[in-house]
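First comes the structure, then the notes that go with it.
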Amino acid sequence: MVAKLFPKVVLFGASIIQQSFSEGGWGAAIADHFQRKCDVLNRGFSGYTSAYGKLILPRILHCDNNPKGNIVAAVVLLGTNDSVIEDLDSRGTTVEQYATNMTDILTQFLNGGIPVSHIILLAPPAISEDMWGKCCKENDRVISLSDERVKCFAARCADLGKTLGVDVVDLYTLFHGQPNWESFLTDGIHLSKEGSHFVASQVIPLLETKLAHLPEIFPDWKDIDPKHPEKDLL
């Protein structure tokens, strides 16, 4: 009964998803927007690639999509970690292998009963090489990312969404279209509050078109008979 009562929206991906419920985060903004209509679940795993994601998704769906169809929408963001240079970071992969993995992930959601029209694919956002290079130097890390590499993966992500009929929010292109886009990032990769606000402004209206039909759960308090609440609540 509870599972049916509270439909779910799943945010699935890596660190930009994991951090999305932080103060001022875009995931938290989504949860706030759809409060009392559905549960917004953070299924973000820092550092994960599409290869990792496709392997863990069956267990996530088994847990969160029970009974089948309880997930009413999904937002997926993976690709930045895939785009690292393989010679410098073994997580790196090819653009086509990334597309294959993402197809697997989207197919799993579809097989779980989530309509293709209720899936949103986020292309990875642009990165600031200057900011990320400084962060890596300060933390004695190898610089294994470039904005040009991310651009290739973001473009493939957008193409894949078009091919499969999945709505795409091309964060890479959208970021570069903003004059102050580097302020959207804290360390060159992860989102600042400004960046989160921008992402929320792109995702929430699109989700609203898919979830506007969801009613508020339980009656408004003004519609409950205080003398006989069981009539309205049971």
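The Cβ shell under 14 Å around P226 holds other residues with a net charge of -2, Lys and Arg each +1, Asp and Glu each -1. Separation of the alpha carbons by more than 28 angstrom is noted, of K8/K227; K54/K210; K8/K222; K37/K151; K37/K231; K68/K210, for K8/K227; K37/K151. When the chain is treated as a GNM with alpha-carbon contacts under 10 Å, the residue of D140, D220, D187 showing the greatest mean-square fluctuation is D220.
Here r is the Cβ-Cβ distance between T163 and K68 and R0 is 30 Å; the resulting FRET efficiency, rounded to 0.05, is 0.75. Calculated [222 nm] ellipticity per residue, helices only, for the chain: -13500 deg cm²/dmol; basis is -39500 (n - 2.57) per DSSP H run with n ≥ 4, divided by all residues, nearest 500.
Between the helical axis of 50-64 and the longest alpha-carbon principal axis of the chain there is an angle of about 10 degrees.
Shape verdict for region 12-113, please, from the Cα gyration tensor: rounded (a/c under 1.5), prolate (a/b greater than b/c) or oblate. Note, shape of region 12-113 comes out oblate. Placing a pseudo-label 7 Å from each Cα along the Cα-to-Cβ vector at D187 and L234 gives an inter-label distance of 5.4 nm.
Candidate cross-link partners of K134 among the aspartates and glutamates, defined by an alpha-carbon separation under 16 Å and a same-chain spacing of 8 or more, comprise D147, E182, D187.
Size descriptors for region 173-234 (Cα atoms only): Rg and Dmax, in that order, 20.5, 58 Å.
Reported value for the chain: 129 Å³ per residue, from the convex hull of its C-alpha atoms. For region 85-149, GluC sites (Glu not before Pro) meeting the loop criterion (DSSP other than H, G, I, E, B) and having at most 16 other Cβ atoms within 10 Å: E86.
Quick note: the coordinates plus some simple rules give every number you see, no bench work behind them. Note that the structure is predicted; figures quoted are calculated from it, not measured. Backbone-built Cβ (ideal geometry, glycine too); neighbour counts: all protein chains shown.
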